[in-house]
Structures are given as structure tokens and as C-alpha cells.
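FYI, it's all coordinate maths here, none of it is from the lab. All of these numbers come straight from a predicted model, not from anything done at the bench. Cβ atoms come from the backbone with ideal geometry, glycine included; neighbour counts cover every protein chain shown.
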Amino acid sequence: MIAMILDAIFGEPKALWDRAPHPAILMGRLIGAMDKRFNTGPARRIKGGAVMLALALGALALGGILHGLFGWVADIIICAILLAQKSLTQHVKAIGDALRLSIGDGRQSVAMIVGRDTGAMDQGAVARGAIESAAENLSDGIIAPAFWFAIGGLPGLLFYKITNTADSMIGYKTPRHLEFGWAAARLDDVVNWIPARITGLLIWALNPNTPLSTIQSEAALHRSPNAGWPEAAMAYNLNIALSGPRMYDGQLTDDPYVNPLGNHDLGPSHVDGAVRVLWQTWAAALCVALVIGFVRL
């Protein structure tokens, strides 16, 4: 609870991270070095699995050491650093603000948080990309880290973050990473399975006008086994259509829409609505943490 509140208040202090590397940056450097060193030659799937095992065990061990040395002080500080509520809402809000200036500003802003092609996006596509990223990163950046911290303390949190960071760097179906990143992608699917559904349930509970079975069935249509839950819940909460076709490397996908009867004409006001849902869901998660704390006492 304290870590969630600290993150919501302070976010990512620029003055601090201009002087010291963020832990996520250090994780990324380590994974990049592993990728460069071991993602060569034959047996890349085995090598990738061994690297992921080493990273996971190292994260668990480091979490245990830090907790043993510094106790709850390390728990709170590191958890607050590795949560991303304020920074996520700031990035998403910035896209809505940029869209109000021009479509070009909106494209540049959304390109910072999505992996799809943004050069030819219209206003609706920019807003949709921002909202989808908001929903997915709400799970990956706030609910899942908090969940794994609650389950496994600091070791659980660092285990989750190294897994999620590895997936974001090497867990792609590209010629270079299809085999080497397989273990990272599959492990990330596993560790996000429960948090993604918790995220979807929390968003749905804020505006439960749609049957939960509808959220579940439409989430199953998503290319990701997990991202569909928060995206579907966000789509029905805001009564908008999400997902659908999008461009990757010049190729248009045929992804189905989530909530296809929802509003397709999206703009800055819908991005603002997503930011509001992010804060409402954060508050709901904080209440859940409060209840769990009282139960434990």
C-alpha cells in the first residue's frame, strides 16, 4: 500500500534517474548482453531457456538478499520504483493532449508507447493505440507487479520484472528471437495470467453493465492470452471499439474488434476517459490491498 501511494505521488523523479540508472534500465542492459552473447549458433531455444532460468533465479536471489539486508525499507522503496502508475497515466494523458494540437503531434506521442506503425494513423487510430496500451500496461506495470509482490515479496517482484522485461526485449516472433526468446515469452504469459484477469475484473467492476461472460469471450479473441482481458474490460467500460486491424512493418493485420458495436470515432476525450479508468482501477486495487492487510492482521 505504501509503495503504491509513493509511486502515485512521485512517479519517476527525473532528477533522480538523470543521475542514476533506473533498475529497469539495468535489467534491460543485462538482458541485452545475454542476447548478444548467447543468441547465436544452434540450439537457440535451449540457450534462451537457460538464460531465462538464470535471470529468474538471479532475480529471486537478489530479492532475498536485499530483503535480508534492509528489510521492509528495501521492500517499499524498490516496489515503489518498479510500479508505474503515475508514469503510465502521464504518458497516456500526453497522447490526448498531443492529439488536441495536431494529428502529427499525436502520432509522435503514441509512437513512444506502441510498437505498431504510426506514420499513417488517423485520430481514431492514435486514440485507440493509446487506450489499448493503457489497458495492457495497467496490468503489466501496476497490477501484476503488486500481485507478485503480495505473493512473493521482493523476490517475487524482481522475478516478475525480469521476466516481463525479457519478454519486452526478446519475446518476439522475429527471425532473431523466435527460438531464443521462446522461454521468456511463455514464462511472461504464465506470470501475467492471473494479474491480467484481476485487472480485467477490476475495470469491469467499475462499470459492470456488460455481462462478465462477454468480457471473457471477447478477451479470448485477442492475439495475446492475457492482454485481451484488460482491453476488453476497458472497451466496454468506455463503450468504445478497441483492437481491430493495425499496421506492423507495413502489413495490415486482420485482428477482430473488441466491442465492435462500440464507438469507433475516438479522440482526445476518450483518451482522457482511459486515464480516469487507470486512476479508478488503481484506487480499487489499493482498497483490495487494504482489505488483504486487515485480513493478515
In whole Å, largest first, the alpha carbons of region 66-154 cover along the principal axes 51, 19, 15
Which of (1) 53, 52, 41; (2) 49, 42, 37; (3) 64, 44, 38 gives Cα extents along the principal axes in Å as computed here? It is (1)
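Just to confirm the filter: which trypsin sites (Lys or Arg not before Pro) across region 211-284 are DSSP coil and have at most 12 other Cβ within 10 angstrom of their Cβ? Spell out each step's value before the answer.
On the way: sites: R223, R246, R276; in loops: R223, R246.
Counting only loop positions with at most 12 other Cβ atoms within 10 Å, the trypsin sites (Lys or Arg not before Pro) in region 211-284 are R223.
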Fewest to most Cβ atoms within 10 Å: K93, K173 sort as K173, K93
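Could you count how many Lys pairs in region 2-296 have their Cα atoms under 20 Å apart, skipping same-chain pairs fewer than 8 positions apart?
6
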Counting only backbone N atoms under 20 Å from a point 7 Å out along Cα-to-Cβ of Q90, the residues of region 259-297 in range are 271-283
Computed about the Cα centre, the charge dipole of region 135-192 from +1 Lys/Arg and -1 Asp/Glu charges at the Cβ has a magnitude in debye, to the nearest 20, of 120 debye
Note, region 261-273: 3J(HN,Hα) by Karplus (6.51, -1.76, 1.60, θ = phi - 60°), whole Hz, Gly/Pro = x, goes 8, x, 5, 9, 8, 8, x, x, 5, 6, 5, 4, x
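For region 169-211, what ratio Rg/Rh do Cα atoms give with a Kirkwood hydrodynamic radius?
On the way: Rg = 15.3 Å, Rh = 12.2 Å.
Reported Rg/Rh (Cα atoms, Kirkwood Rh): 1.26.
Is the shape of region 131-255 rounded, prolate or oblate, going by the alpha carbon gyration tensor and its root eigenvalues a ≥ b ≥ c, with a/c under 1.5 for rounded and a/b larger than b/c for prolate?
Values: a/c = 2.34, a/b = 1.13, b/c = 2.08.
In terms of gyration-tensor shape, oblate.
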Computed over region 2-296, the relative contact order (Cα-Cα under 8 Å, seq sep at least six) in percent reads 22 percent
Listed by chain and number, the residues whose amide H is under 5 Å from that of I113, excluding neighbours fewer than 5 places away on the same chain and using placed H, are none
For Y257, the residues 5 or more places away or on another chain with a placed amide H closer than 5 Å to its own amide H are G244
Amide H contacts under 5 Å for I240, restricted to residues at least 5 apart in sequence or on another chain and with H modeled in the peptide plane, are N263
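What full-extension length gain, to one decimal in nm, is calculated for I194 and A220 as 0.36 nm per residue of separation minus the Cα-Cα distance?
On the way: separation 26, 0.36 × 26 = 9.36 nm, distance 1.44 nm.
So the extension gain works out to 7.9 nm.
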With x for Gly and Pro, the residue-by-residue ³J(HN,Hα) of region 162-167, computed from phi through the Karplus equation 6.51 cos²θ - 1.76 cosθ + 1.60 at θ = phi - 60° and given in whole Hz, is 5, 5, 5, 5, 4, 4
Length gained, L57-K36, 0.36 nm per residue minus C-alpha separation, equals 5.5 nm
Residue-ordered couplings for region 106-121, obtained by feeding phi - 60° into the Karplus form 6.51 cos²θ - 1.76 cosθ + 1.60 and rounding to whole Hz (Gly and Pro as x), are x, 4, 4, 5, 6, 4, 6, 10, 10, x, 7, 5, 10, x, 10, 5
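Test of understanding: ordering I5, I215, I170, I292 by Cβ neighbours within 10 Å, fewest first, what list do you get?
On the way: I5 15, I215 28, I170 24, I292 12.
Ordered from fewest to most neighbouring Cβ atoms within 10 Å, I5, I215, I170, I292 come out as I292, I5, I170, I215.
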Reduced to Cα centres, the span from region 204-250 to region 104-160 in Å works out to 14 Å
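When T214, T40 are ordered from fewest to most other Cβ atoms inside 10 Å of their Cβ, what list results? Kindly include the intermediate steps, with their values, before the conclusion.
Values: T214 13, T40 10.
Going from sparsest to densest Cβ surroundings: T40, T214.
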